[in-house]
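Q: My questions all concern the structure below.
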Amino acid sequence: MPKLLIILVVIVGTAIGAAAIGILLRHLLGPILRGIFNVIQFIGHLIIELICDVLAATWNLFVAVLLLPAIIGGLLFGRWESVGRMVRGLSSRFRRTGRRVAGLVTRPAGVQPQFKRTPSRTTRQGRRSGEFPGWRLTGELQAGGSGARLLVAEPADGAPDGAPSRVVIKCFDLSGGAPLGQMIRESRALDGAKKLGLVIEHNHDETRFWYVMPFIPGNHLAHTVTAMHTSGGQLSESSVIRSVGWCRDLLATLGKYHDAGFWHKDVKPENIIINDTGAHLVDLGLVTPLQSAMTLTTHGTEYFRDPELVRQALRGSKVSEVDGARFDLYSAGAVLYYMVEGTFPAHGNLSRFEIECGDAIRWVIRRAMADYHKRYATSAEMLADVAFLAASRDPRQVRPADLPSVSASPAPEATPPKPSVGDVHRRPRLEVSDWWSGRYRVRDAVPGAPPSQPDAFEAARRARDSRRMIRDERRQRRSAARRSSFGRLAAFFVGTFVIVFTSIFVLKYADVWFPDPVPMSTQMLPDGKGQVLIVNNHPRRLDAHTAVQAAFTARGWQPMDDIDAEARFRRDIPLTNGLQVGADEASTRAVRAVLNTHDLAGAAIVQASPDDPNAVQVLLLTGDDASLYDLEVLAKAAGSIQSTP
Amino acid sequence: MHQLTTSFVRRLRDRDESAWFELWQVFGPILRGQLMKWGNGRLGQETVRDLSQETLAALSKSIERFDPTRGVRFSTWLLAIARHAMSDEMDRRMALKRGAGKRPIHLQEDWMGGLGSAVDAAYEQKIFEAKVAAAIRRAEASSDFMSFEVYRMRVLDGRSGKDVAVQLGVSQPTISRHLQQARRELRTRLTEIVATWSFTPEEMAEAELAGLSGDDMLFDEALAEIWHRAASMDSEC
């Protein structure tokens with residue numbers, strides 16, 4: 001029995017030890033090694049960038065020297081414009097110097113800003129199109145395919161009340177080549193956008209037409225999805241959860257459009273902005289009233305546009321003859337496919353799934369992209385399914401049979417169902433499906449209702465998702481950089497080389513840079529060379545004075561007791577344990593002066609050891625040397641000295 | 001020749017836009033793949049897209065001269081036009097380089113019969129797979145959503161009947177019933193598509209040779225294999 005117990009204890013101990021080692025490796029050594037690697041890499045980068053900057057600065061200087069005669073000549077001959085150009089070019093070159101290192105040190109780890117600054121130099125054209133009453137331009141976004149400029153601005157004098165701190169101005173300029181057709185189409189869409197509260201104001205003059213929208217910071221979905229799929233292979237659980245959450249936000253926005261009697265018509269990843277508060281649908285260029293009497297057009301983006309829309313448009317159908325909301329739902333399904341697969345649905349509803357995302361998500365995508373008459377009838381119906389997925393702990397584990405649109409019988413009506421009073425007060429029922437893992441399913445969720453979580457929980461979930469997103473993106477960026485960047489590898493080797501070289505250099509010259517003030521001697525006192533002044537500076541060992549005298553006498557010295565000499569010695573030389581004779585030039589000179597004045601061969605300072613206040617050390621100062629001896633060596637040498645406690 | 005074929009050609013000649021859109025949907029990916037292959041890395045995605053559109057534009061101009069009774073495959077004729085568009089693009093590029101160039105080749109009816117040996121079997125195989133994919137697409141649009149999803153999960157994704165039943169929360173007999181419905185629809189659409197796009201007896205016999213006229217099990221197996229090949233080919237394009 002005891003043997004069995006011992007074996008059991010050994011097994012348990014081994015398991016615990018292995019687990020502890022595993023935890024240590026995973027949580028302690030791993031981050032430390034990663035940190036060391038990053039530091040080395042950063043040093044390498046810093047050195048490479050520094051070299052580049054120095055080379056650039058040298059080259060700039062060389063160019064400046066070459067241009068100097070030309071500048072002087074230009075000044076002499078009155079070629080002001082040419083001189084100005086050369087000076088501006090040179091100053092621009094010098095301003096750029098140092099940016100590489102500065103950029104390396106100050107580069108933000110998070111999201112890069114999406115907009116570029118407006119050039120301060122304004123041409124006549126730029127100045128004219130840059131003037132918008134009530135707004136001050138601060139930057140410019142990358143233009144889309146509509147031919148309009150997208151300008152970032154702040155409110156100035158004359159801005160409407162309650163205007164946000166940052167806005168986007170979409171400006172069409174006929175003289176700048178903006179197509180008239182697009183201008184007319186967008187101006188028509190403005191009515192709808194204003195009703196939805198998406199446009200702050202709009203205006204026009206002889207050649208320009210512009211409207212102002214709130215600025216939504218963040219990256220567009222295509223960028224985020226690309227980062228999410230950088231590592232290749234399967235999607236992480238957090239990525240799937242985030243994708244479903246963004247789709248829910250998108251559908252909620254589409255629901256607002258449809259309820260207001262409009263459809264967006266251009267739902268695609270580039271028109272969805274992702275930030276900490278979720279997914280936001282932008283670009284009002286194709287917003288159309290659902291009951292418009294206009295003929296349907298094929299505008300939109302391939303792969304995110306329903307083929308049925310093209311067919312109907314080719315047949316010459318009117319907008320009011322089709323249900324535009326269903327085309328938006330097709331696009332929403334295509335966007336969800338894009339988020340999950342990282343690529344566009346080349347085969348429409350028959351596109352294959354290569355990445356594991358669970359049957360329920362696939363079901364939702366296929367239902368949204370199904371034939372026009374078979375897909376979700378309303379955004380509320382699709383939102384109910386997606387909200388159900390978003391509320392689940394792991395959307396990949398949800399079955400299609402659990403989705404509200406499948407489990408509900410009969411199918412929901414075309415209009416979004418309003419929850420009854422009983423529904424509102426009835427809490428969704430949680431049904432534990434796995435007691436071991438704590439997994440659960442939500443039953444009795446009201447279709448179309450928001451996820452069954454209090455707002456605080458929802459906010460916490462969003463915050464957690466946001467943190468996960470940032471962390472995942474950082475990881476993926478790091479892993480992508482590790483895989484693809486030869487420069488980083490080179491930086492690592494350069495950093496390693498520099499660190500090793502610096503370490504060798506420091507070790508080699510450490511003695512020179514940081515000399516030991518007085519080397520401890522473990523040898524016997526040197527043989528007598530003449531008179532030696534004994535100066536007792538030990539606060540607790542007065543008896544040591546006699547003992548030291550005896551030791552010096554034994555080695556042939558002539559100990560001297562001269563009160564004047566000792567007084568002068570104490571006055572000129574600070575008798576502390578840190579006396580820097582040999583290293584400190586002033587102290588050395590002072591010692592020599594005292595010794596010469598009193599015709600002494602040396603001076604012995606009796607002092608306490610820094611480690612032990614009761615121990616006795618003797619610092620022997622000669623004209624050109626200083627040695628430290630401890631009392632035990634002296635005692636051995638004298639043969640009769642005993643230390644007193 | 002099947003009546004569907006002749007009526008479809010007539011619709012193309014009548015400038016029926018939905019017929020042209022269907023043509024684009026069925027043959028567009030194949031055309032792009034073939035142009036990409038000929039380009040051998042020298043043509044970008046955008047150029048290939050432009051060339052495929054030019055091919056269709058040239059086709060619309062010469063569709064009047066297409067004679068289905070001469071026993072030439074429509075796909076072969078389409079390939080000839082694509083080659084013409086391609087050579088035109090190459091000549092234009094050379095002209096841009098040298099500042100001069102050759103005169104573009106004119107499209108001639110001789111091409112209809114002169115490319116038989118040049119067209120490789122792989123191209124014809126892809127054309128057939130595109131027809132099957134079009135039939136699946138049409139069956140998906142016309143059949144019940146649940147039935148087609150069951151068929152997709154069970155046959156195209158290769159899941160077991162029990163697993164599909166659990167996922168969809170229905171019994172296995174219900175799964176079998178949905179499978180039967182979807183299969184019936186697929187067979188109908190496949191017959192329709194093959195009849196529409198087949199101009200020669202060899203083309204009519206392709207489905208039978210591929211095992212698509214056998215019993216249910218053989219049909220499912222052959223269809224899944226062709227579908228996966230077609231999907232992977234398109235992802236390569």
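The values are calculated or read from the model by the stated rules, or taken from the named source; none is laboratory data. If you're wondering where the values come from, they're calculated on a predicted model, not measured in any experiment. In this analysis, Cβ positions are derived from the backbone assuming ideal geometry, glycine residues included, and neighbour counts consider all displayed protein chains. Note: areas computed on protein heavy atoms with side chains; ligands, DNA, RNA excluded. Shrake-Rupley method; radii C 1.70, N 1.55, O 1.52, S 1.80 Å.
Q: From A:L336, A:L309, A:L284, grab the single residue that is of a type outside the set (S, T, Y) and modelled with pLDDT of 90 or more.
A: After ruling out the rest, the residue left standing is A:L336.
Q: For the subset of the stretch A:362-378 comprising residues that are more than 8 Å from chain B (Cβ to nearest Cβ) and hydrophobic (A, V, I, L, M, F, W, C), which member is nearest to A:E308 (Cα to Cα)?
A: Filtering the stretch A:362-378 for residues that are more than 8 Å from chain B (Cβ to nearest Cβ) and hydrophobic (A, V, I, L, M, F, W, C), the one nearest to A:E308 (Cα to Cα) comes out as A:M369.
Q: Right, another one. If I filter the stretch B:125-170 down to residues being among the polar types (S, T, N, Q) and facing another protein chain (nearest Cβ under 8 Å), which single residue comes out as nearest to B:P29 (Cα to Cα)? Talk me through it step by step, then tell me what you get.
A: Applying the first criterion (among the polar types (S, T, N, Q)) to the stretch B:125-170 yields B:125, B:142-143, B:147, B:160, B:167.
Filter once more, keeping what is facing another protein chain (nearest Cβ under 8 Å): B:142, B:167.
On the way: B:S142: 23, B:Q167: 33 Å.
For the stretch B:125-170, the residue satisfying everything is B:S142.
Q: Could you grab me the full set of residues in the stretch B:155-182 that are touching a residue at least 40 places away in the same chain (Cβ under 8 Å) and open to solvent by 50 Å² or more (accessible area, probe 1.4 Å)?
A: Correct list: B:G158 only.
Q: Could you check the stretch A:290-332 and list, in sequence order, the residues that are in contact (Cβ under 8 Å) with a residue 60 or more places away in the chain and among the charged types (D, E, K, R)?
A: A:D306, A:E308, A:D328
Q: Sticking with this one: Within the stretch B:13-25, how many residues are under 15 Å from B:E129 (Cα atoms) and either basic (K, R) or open to solvent by less than 10 Å² (accessible area, probe 1.4 Å) (or both)?
A: Selection size over the stretch B:13-25: 1.
Q: Moving to a separate point now. Anything in the stretch A:307-337 that is buried (at least 22 other Cβ atoms within 10 Å of the Cβ) and either within 12 Å of chain B (Cβ to nearest Cβ) or hydroxyl-bearing (S, T, Y) (or both)? List them, or say none.
A: Hits for the stretch A:307-337 are A:L309, A:Y330, A:S331, A:Y337.
Q: Now a separate question. Among the numbered criteria (1) modelled with pLDDT of 80 or more; (2) closer than 13 Å to A:L621 by Cβ; (3) in a loop (DSSP other than H, G, I, E, B), which one does A:A603 miss?
A: (3)
Q: Follow-up question, since we're still on this one. Counting only residues that are in a helix (DSSP H, G or I) and either open to solvent by 80 Å² or more (accessible area, probe 1.4 Å) or free of Cβ contacts under 8 Å to residues at least 12 places away in the same chain (or both), how many does the stretch B:28-49 have? Reasoning before the result, please.
A: To start, the set of residues in the stretch B:28-49 that are in a helix (DSSP H, G or I) comprises B:28-39, B:45-49.
Now drop any that are not either open to solvent by 80 Å² or more (accessible area, probe 1.4 Å) or free of Cβ contacts under 8 Å to residues at least 12 places away in the same chain (or both), which leaves B:37, B:45-46.
Counting residues in the stretch B:28-49 that are in a helix (DSSP H, G or I) and either open to solvent by 80 Å² or more (accessible area, probe 1.4 Å) or free of Cβ contacts under 8 Å to residues at least 12 places away in the same chain (or both) gives 3.
Q: Of the numbered conditions (1) of a type in the set (G, A, S); (2) open to solvent by 20 Å² or more (accessible area, probe 1.4 Å); (3) at pLDDT below 90, A:S292 satisfies every one except a single condition; which is it?
A: With respect to (1) of a type in the set (G, A, S); (2) open to solvent by 20 Å² or more (accessible area, probe 1.4 Å); (3) at pLDDT below 90, A:S292 is out only on (2).
Q: Can you tell me which residue is modelled with the highest pLDDT among those in the stretch A:343-361 that are assigned to a loop (DSSP other than H, G, I, E, B) and within 7 Å of another protein chain (Cβ to nearest Cβ)?
A: Checking each candidate, the answer is A:R352.
Q: What residue, among those in the stretch A:281-321 that are out of contact with any helix residue (DSSP H, G or I) (no Cβ under 8 Å at 6 or more places or on another chain) and aliphatic (A, V, I, L, M), is nearest to A:W210 (Cα to Cα)?
A: Once the filter is applied, the top-ranked residue is A:V319.
Q: Got at least one residue in the stretch B:193-205 being open to solvent by 50 Å² or more (accessible area, probe 1.4 Å) and at pLDDT 90 or above?
A: no
Q: Right, here's the next one. Any residue in the stretch A:374-396 that is within 21 Å of B:S147 (Cβ to Cβ) and of a type in the set (G, A, S) sitting within a Cβ distance under 8 Å of a residue that is open to solvent by 20 Å² or more (accessible area, probe 1.4 Å) and assigned to a helix (DSSP H, G or I)? List the pairs, counting only those 6 or more apart or interchain.
A: A:A377/A:R326
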